[in-house]
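Worksheet: one structure, shown below.
The values are calculated or read from the model by the stated rules, or taken from the named source; none is laboratory data. Computed from a predicted model, the values in this text were never measured in an experiment. Every residue, glycine among them, receives a Cβ derived from its backbone with ideal geometry; neighbour counts consider all protein chains shown.
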């Protein structure tokens with residue numbers, strides 16, 4: 001038998017009576033320490049509670065899983081984790097392997113800091129977009145950047161999990177993460193993140209020292225958030241109840257701000273540049289060939305494609321708008337190549 005038991009966000013202080021009985025009866029308890037750090041006081045409590053053996057399980061042991069599964073075929077084994085056991089995909093994969101190997105599994109769920117902090121910050125759960133982890137290596141930030149961008153386009157909130165490496169006792173500081181995102185903006189230039197972007201930093205959720213601080217990035221990068229763990233939330237479109245809750249539930253250093261209001265889709269960014277450019281180039285074409293009746297249909301079609309692009313963009317059909325402006329540019333380019341002129345020169 002293999003049990004997956006979640007400690008919740010308050011450790012043994014909030015664990016269920018059922019979970020306590022399971023821990024007392026287990027022959028072996030593996031306490032994993034890679035999804036969240038294990039405090040010495042908490043570890044001492046666990047040692048007193050369990051009657052069987054207790055092993056601190058690093059990431060490699062759970063990912064490999066062979067020793068855990070082998071023992072679970074014969075003994076009553078528990079994999080114990082902070083929060084909810086299935087927030088970690090490694091645990092889901094281990095359970096899948098156990099079931100395939102005909103090992104019976106059972107689960108006791110617990111509250112997760114990842115899900116709990118959403119309500120603690122005053123936000124609506126259904127408005128959370130795709131979560132993403134910020135690692136200390138800068139190449140990973142382009143993925144984070146575009147995840148935030150995609151969430152904001154939809155008006156969704158971005159949950160940014162900060163890297164934790166128990167083996168080296170490393171926690172990514174929220175200030176370093178925010179500064180890195182500002183640097184990433186300089187390269188990407190999609191106007192997603194700047195000094196005025198509103199963010200929330202949730203620290204030590206579920207503990208007695210829980211702290212939630214919100215404000216503009218320019219303010220937050222000057223703030224001391226205390227000991228980890230920390231999580232960052234970048235809100236998208238704020239409901240008025242979320243706006244009010246943030247001001248009450250957090251130490252609010254700046255007025256909450258709707259980050260999604262300044263976001264443009266990539267297609268809209270392209271169209272806002274290419275439509276005026278194509279229209280200006282077409283005006284040059286008309287000046288050059290206004291007396292050439294053989295080119296009348298080409299010019300008219302280019303004009304229609306530009307008009308269609310504007311209409312499709314207005315109707316929210318960005319893909320058709322991009323396609324239409326592409327056709328218009330193609331016709332203008334055909335004239336440029338066949339006639340040896342450059343109408344684009346005046347539109348730059």
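Can you pull out every residue in region 120-140 that is modelled with pLDDT of 90 or more and assigned to a loop (DSSP other than H, G, I, E, B)?
121, 122, 123, 124, 129, 130, 131
Among the residues of region 173-214, write down those that are farther than 30 Å from residue 267 by Cα and without any contact (Cβ under 8 Å) to a residue 60 or more places away in the chain.
173, 174, 175, 176, 201, 203, 204, 208, 209, 211, 213, listed by residue number.
Using beta carbons and a limit of 8 Å, which pairs, at least six apart or on different chains, have the first residue in region 155-168 and within 14 Å of residue 230 (Cα to Cα) and the second one part of a helix (DSSP H, G or I)?
Filtered contacts from region 155-168: 159/114; 159/118; 160/144; 160/148; 160/177; 161/114; 162/174; 162/177.
Among the candidates 47, 51, single out the residue that is on the phi < 0 side of the Ramachandran plot, assigned by TED's automatic domain parsing to the domain that holds residue 97 and part of a loop (DSSP other than H, G, I, E, B).
Just one listed residue meets the conditions, 51.
Collect the residues in region 254-263 that are surrounded by fewer than 15 Cβ atoms within 10 Å (Cβ to Cβ) and either in contact with a helix residue (DSSP H, G or I) (Cβ under 7 Å, 6 or more places away or on another chain) or more than 22 Å from residue 119 (Cβ to Cβ) (or both), keeping them in residue-number order.
Within region 254-263, 261, 262 meet the criteria.
Let's see how each residue does on (1) on the phi > 0 side of the Ramachandran plot; (2) crowded, with 18+ Cβ neighbours inside 10 Å; (3) assigned to a loop (DSSP other than H, G, I, E, B):
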residue	(1), (2), (3)
187	no, no, no
206	yes, yes, yes
212	no, yes, no
226	yes, no, yes
236	no, yes, yes
245	no, yes, no
248	no, no, no
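Quick one: would you say residue 267 is within 23 Å of residue 147 (Cβ to Cβ), in contact with a helix residue (DSSP H, G or I) (Cβ under 7 Å, 6 or more places away or on another chain), part of a helix (DSSP H, G or I) and in contact (Cβ under 8 Å) with a residue 60 or more places away in the chain?
no
Here is a yes/no grid of residues against (1) in contact (Cβ under 8 Å) with a residue 12 or more places away in the chain; (2) outside any helix (DSSP H, G or I); (3) on the phi < 0 side of the Ramachandran plot:
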residue	(1), (2), (3)
41	no, no, yes
63	yes, no, yes
74	no, yes, yes
78	yes, yes, yes
118	yes, no, yes
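Test residue 333 against the stated conditions and say whether it is closer than 30 Å to residue 192 by Cα, outside the structural domain of residue 189 (by TED's automatic domain parsing) and part of a helix (DSSP H, G or I).
Here the answer is no, as residue 333 does not meet what is asked.
What residue, among those in region 1-23 that are in a helix (DSSP H, G or I) and touching a helix residue (DSSP H, G or I) at 6+ places or on another chain (Cβ under 7 Å), is nearest to residue 206 (Cα to Cα)?
Only one residue tops the list, namely 11.
Out of curiosity, is residue 199 part of a helix (DSSP H, G or I), buried (at least 16 other Cβ atoms within 10 Å of the Cβ), modelled with pLDDT of 90 or more and within 14 Å of the chain's Cα centre (by Cα)?
So residue 199 fails the test.
Just give me the residues in region 80-106 being within 24 Å of residue 39 (Cα to Cα), touching a helix residue (DSSP H, G or I) at 6+ places or on another chain (Cβ under 9 Å) and without any contact (Cβ under 8 Å) to a residue 60 or more places away in the chain, in sequence order.
Listed by number, the residues that qualify are 87, 88, 90.
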